[in-house]
Amino acid sequence: MGQKAVLCCEESQEGIFTAVYDGWAGRYGHENVRLQVREEEDRELFSSYINVRTDAGKARKVSDTVRRRMGGRAYLDIARAALSWEADKGTAIYHTIVRGLSMADGFRVMQVLTDPYVCRVSALARAVAREADHLMGFARFSQLPGGVLYARIRPRNRVLPAIAPHFQDRLPGENWVIHDEGREEAAVHPAGGSWFLTDMEAGRGPDADRAGDAEREIEELWRGFCRSIALQERENPRLQAQMLPKRFRKYMTEF
Amino acid sequence: MADGRIAVGAALSEKLRILADAAKYDVACTSSGTARRGNGSGLGNCVAAGICHSFSGDGRCISLLKVLYTNECIYHCKYCVNRADNDIPRASFTPEELCRLTMEFYRRNYIEGLFLSSGVLRNPTYTMELIFETVRRLREDCGFQGYIHVKAIPGAAPDIIERIGYLADRMSINLEFPTAEGLRRLAPNKSRALILTPMRQIQNRSIACREELARYRHAPQFVPAGQSTQMIIGASGETDLQIMSVAQRLYDNFGLKRVFYSAYMQVNEDRALPALPGGPPLLREHRLYQADWLLRFYGFRAEELLSQERPDFDIRLDPKANWALRHLEQFPVEVNRAPYEMLLRVPGIGVKSARRIVQARRYGAVDFETLKRMGVVLRRACWFLLCRGKPLQPLRLEEGFLADILAETGGRVPPAGEERAFHQMTLFEAGLTLPEMEVLYGTEGRAVL
């Protein structure tokens, strides 16, 4: 058994894929490799720490290989897992790719749920997809003077790249901004154009409080609707909280 | 009726309050069944699994702007809050108002689209013409591509139903009651034939339209998300077997996408209606939804689940556990060899986990630890399973013993006051009327409907 190798990389998909490339090329022995996507306080003894410099070319090679040998479905799961907020995502992705490339038919890799790393990637991907699904429903735009639609969110996972295409398809003719306050980044969509990501500090986004009276009127109509549609005889705040966790409500018009 | 009528030009907020309140007893708020990409210029698209935008205080999903066009109704359905002789505020929207509300709510991502139902103003055809004009404006003048669900009124002219069907994603006609007798007694202006005729019309038109689509890619779509219906339970003395048999016939013979069940709620005092001292039968409704799920995704038939001798579910147990306890001779099941159809019948194993098991066992034996990671509810399933010939703990395949374990209440019927707390706890585990649940369970099972 060789020495453990801890590859320290950026937590983006590009960073993780670069580490996958370096981990492979470094010949540490796959069973010894761990990816660390964030700073950790305690360093393990008897492990060598390698800093990975994100390299678009290496990452591209890995993503091409994954797509070619493991297929679009597996690639999508891995890309989603890379958006997870969980710290072990890098290691799970590394070993899932190792597994996929060791199989005669790598397209079936995501079915090998008896492999704990594959199972983990699958679980992370589901969690990301679930939060993205939530926010496709729960994100709320308010219209600013000038007509821009502006939404603030604070998701656990980095869902912006997963939800922006949905909103681009849905609201093609609108100028809109979805602001992930926790990560201080935003997806911006110019009317008729394509969305892009940009840095945006919390509190530095457009001032949603400047929305005018017309906007307040629409918001009040919506709040009234939500009150009217509930059946008092079936009131059930616990079920409501189960379906719509409280952490989302801070940014929702009707709460 | 004229007394309560809101003046023309009443504030939009007041109309919305009245007409949302009047629509709240309608169950379905799902936006599933259509996948439609945006067209790059209008507003909106549709996602096959549907999207829940909010959840109201009762825990139900808000996906669509669910309103009545009008609650000025000439009918006298005994159970309905809008019946003509009730003294309540009345209002009607205009097509412009509904278009504005839908578009402004949709742009802000409050909703997936519009769910338009109505009381009967003058006559069914006249009312449906107003609904048609609303939906036509939304689609043609506003360029709205989002989801539209229209409730058809029994007795409307076939021509107007057909014209609306080419604009709506889903149509539904309420069955109202599981038995024709109940309908006669409680909805004197409606009859079984009046309800089934347009249901058949929509089904036939949909089939013809799919054939046209197979030949011409750009043939117009007719009700692409299919049709659904709903019935009130607990108001007309029907058995669970009657309810599930009707649901099964609707799925088999009318090609319905969904049947919704609505626990009867007492809004009118009427001698023809039962008193419900324990509140609406929510737990029974919950069991019916679970059984409905078994019909649609688990390959069960109504007559397997219930019989003339036992026409009602044991309300303590979910219907699958109910079935398993009466077929203990089929257990235990070896996880690594059992066919998919049998895995589906094990309490605690769902469609997703059964599929995962079948895939994973090709690459090695599945053990209990793996089952757990796959999402199998082991505390229920372990009593029916072997992994490589071994159980998780010694099995006791005895009806009484297992009933205590599988009863979600820990083996006792919840007293009336506790029923609600219990309901809240378990609602999420079973199939419900929410698009969210369709997301969890996947959509493949629906192809067979």
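The numbers here are math on the coordinates, done by the rules we state, and not lab data. Note that the structure is predicted; figures quoted are calculated from it, not measured. Here Cβ is always computed from backbone atoms with ideal geometry, including for glycine, and neighbour counts include all displayed protein chains.
Label the range B:230-272 by shape, choosing from rounded, prolate and oblate, from the square roots a ≥ b ≥ c of the eigenvalues of the Cα gyration tensor; if a/c is under 1.5 it is rounded, and otherwise prolate applies when a/b is larger than b/c, oblate when it is not. It is prolate, given that a/c is not under 1.5 and a/b is the larger ratio.
Each residue of the range A:139-251 gets 121 Å³ once the volume of the Cα convex hull is shared out per residue. Only helical runs count toward this figure. For chain B, summing -39,500 (n - 2.57) over DSSP H runs of n ≥ 4 and dividing by all residues gives -10500 deg cm²/dmol at 222 nm.
In the range A:51-72, whose amide N lies under 19 Å from the spot 7 Å out along Cα-to-Cβ of A:Gln3? List them in ranges. Inside the label zone: A:51-53.
For a test of the definition: using alpha carbon positions, the gyration tensor, and the 1.5 limit on a/c, classify the protein assembly as shown as rounded, prolate or oblate.
Numbers: a/c = 2.01, a/b = 1.29, b/c = 1.55.
Because a/c hits 1.5 or more and a/b fails to exceed b/c, the protein assembly as shown counts as oblate.
Result for chain B in a Gaussian network model with C-alpha springs under 10 Å: among B:Val27, B:Val246, B:Val377, the largest mean-square fluctuation is at B:Val377. Spin-label model, B:Phe254/B:Ala157: points 7 Å from Cα along the beta carbon direction are separated by 2.4 nm.
Candidates A:Leu239, A:Ile218, A:Met200 compared by Cα position along the dipole of the range A:139-251: farthest toward the positive end lies A:Leu239, with charges placed on Cβ.
By other beta-carbon atoms within 10 Å, ranking B:Asp292, A:Asp88 with the fewest at the front produces A:Asp88, B:Asp292. Say R0 is 56 Å: what FRET efficiency, to the nearest 0.05, do A:Glu201 and B:His218 get from their beta-carbon distance? About 0.70, to the nearest 0.05.
Fully extending the segment from B:Thr239 to B:Ile74, taken as 0.36 nm per residue of separation minus the present Cα-Cα distance, adds 56.3 nm.
Listed as lacking a disulfide-compatible partner in chain B: B:Cys29, B:Cys46, B:Cys73, B:Cys99, B:Cys142, B:Cys209, B:Cys382, B:Cys387, by the criterion of no other cysteine Cβ under 4.7 Å. Once R0 is set to 30 Å, what does the formula 1/(1 + (r/R0)^6) return for the Cβ-Cβ distance between B:Val377 and A:Met103, expressed as a FRET efficiency to the nearest 0.05? The computed FRET efficiency comes out at 0.50.
When the alpha-carbon atoms of chain B are used, the pair Rg, Dmax equals 23.3, 74 angstrom. Applying 1/(1 + (r/R0)^6) with R0 = 41 Å to the Cβ-Cβ distance of A:Ala214 and B:Glu133 gives a FRET efficiency near 0.95.
Between A:Thr114, A:Thr18, A:Thr198, the GNM of chain A built on Cα springs shorter than 10 angstrom shows A:Thr114 fluctuating the most. Shown here are the Rg and Dmax of the Cα trace of the range B:212-304, at 17.0, 57 Å.
Of the residues B:Glu309, B:Glu129, B:Glu97, the one that moves most in a GNM of chain B with alpha-carbon contacts below 10 Å is B:Glu309. Percent of Cα-Cα pairs more than 23 Å apart in chain A, please. That fraction is 59 percent. Which whole-number percent is the relative contact order of the range A:26-121 (Cα, under 8 Å, 6+ apart)? Relative contact order here is 31 percent.
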